[in-house]
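Report on one structure; see the data block that follows.
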Amino acid sequence: MGLMKTQSSTDIAQGAARRNLAYLGRMRWIAVAGQLLAIWGTVVLLDVALPWRQMLPVVAFLILLNLVSAWRLRRGQTITDLSVAAELLMDVACLTLLLYLSGGATNPFVSLFILQVILAIVLLPRRHAAAILLATVAAHAWLTGNGVPMALPHLWHGDGPSFLNLHLQGMFLSFLLAAGLLTWSVTRITANLRDRDAQIQALRQQMLEEDHLVRLGLLSSGAAHELGTPLTTLAVTLDDWQTLGAPQGAALEEKLAVMQRELSRCRQIVSEMLLSSGQERLEEAHGMRARAFLEEAIQGLRLPVRVRVDARCDPVIMADPMLEQAVRQLLDNAVEAGSRAIRITLSPDGPDQLAMVIEDDGPGFPADILADPGQPFLSSRDGVGRGLGLYLTGNVMRRLNGEMRLANLPDGAQVTLLLPILEDAT
């Protein structure tokens, strides 16, 4: 079965979120290493009584959290703002426990709370960042009146330089650590976000260009189909005259009248196409019942076969002028392929998607078209520019966040257009 799947900017945003979560994981590894080093140095080098047996499980939890985060990234799971906020809240909780076990708010590393706040502001939307801010404020306020006392020795007693005070040294080290981590992380995260925005902007520009090309392609392809019949009549008549000679008398007048009607039809088709092009530029897509949309698209096609519509549901869909041209293109293709009967079925495909299935009794699709329906100019018919209709229809579906599927039936061909439903109807 041939398949053309929609792409959107979601993949770009998700890639940026995954990279940001990876940066957050690297920062957590640095924090874990710093915490272990601080515990070891405080207990061994400074000989300060510290409840390190209670602190190590907290550090172990951070290691486990980082391993789970890395596993999620490797598994390709979706990264949401809520999951990032939950990880930052767990970081805040672990930092609160470690500070509680090492002096509470008197611990010089209490300023590391600001690191969590700034990361939340950079990474998360406003409401999630506000939650992180409230959590850090509440934790700091709670630590002000709670905490296991920790007596820090002073390396200098008397009137010596104040920088030899161990508490001031800890504050300075905390500042260096917070400033360094913020500089490293925020510069990378903001660069990643700028790259994401640039990719999304490039994608939007590409979609605008593709939209313009698809409109031109549908217009020219529709004109080619519409002009084919009258031009063929003129060509056959002129070939007969060249071979057999021009008729005389009443027969000549009759032939000339036919040729004038066909030329008038050509002028009418060109005028209608130009008018349709102008409307497509000025009108915006609007919601419309699927059955009414189909009837409007089929009306005026002058197909030599009967088109039967089987509406098992009638939801509201996005009635884009390009979708109307695409449906007409598919019907014209079916007739040119030799179909004698066409059926269009409207049925639900899930709670928020409509399946518009176009079936005919023609010869079906060649294997190369089924293998790659997105390749232009593939066709079972001869002629320059043939085979463009399916390519253009696939691009229209991608623009509408839909999907096109091709398949061969035992007695014909099947094209399925999956369209988003704006409003359901029973």
On the protein heavy atoms, probe 1.4 angstrom, tell me the percent of accessible surface of region 33-74 carried by carbon and sulfur.
72 percent
Between Leu64 and Ala86, how many nm apart are label points set 7 Å from Cα along the C-beta direction?
1.5 nm
Evaluate the distance, in nm, between pseudo-label points positioned 7 Å from the Cα of Glu296 and of Ala33 along their respective Cα→Cβ axes.
6.4 nm
Over region 308-367, what portion of Cα pair distances is larger than 16 Å, expressed as a whole percent?
53 percent
From most to least accessible, 1.4 Å probe, no ligand or DNA/RNA atoms counted, Asp372, Asp47, Asp332 line up as Asp47, Asp372, Asp332
Considering only protein heavy atoms, what is the solvent-accessible area of His286 at a probe of 1.4 Å, reported in Å² to the nearest 10?
90 Å²
Taking the Cα of Leu182, stepping 7 Å toward and past its beta carbon, and measuring to each backbone N in region 31-51: which are under 18 Å?
31
Using a 1.4 Å probe and ignoring any ligands, DNA or RNA, find the accessible area of Arg399 and quote it in Å² to the nearest 10.
80 Å²
Taking a 1.4 Å probe, which of Phe113, Phe61 shows the most accessible area, and what order do the others take after it?
Phe61, Phe113
On the accessible surface of region 307-365, probed at 1.4 Å, how many percent belong to carbon and sulfur atoms?
44 percent
Under a 1.4 Å probe, counting only protein heavy atoms, Phe175 has an accessible area in Å², nearest 10, of 130 Å²
What whole-number value in Å² describes the accessible area per residue of region 38-92 for a 1.4 Å probe?
59 Å²
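The values are calculated or read from the model by the stated rules, or taken from the named source; none is laboratory data. From a predicted model like this one, the values you see are computed outputs, not experimental measurements. Cβ coordinates were reconstructed from backbone atoms using ideal geometry, including for glycine residues, and neighbour counts include every protein chain displayed. Each accessible area value is taken on the protein alone, full model and side chains, heavy atoms only, with ligands, DNA and RNA left out. Shrake-Rupley method; radii C 1.70, N 1.55, O 1.52, S 1.80 Å.
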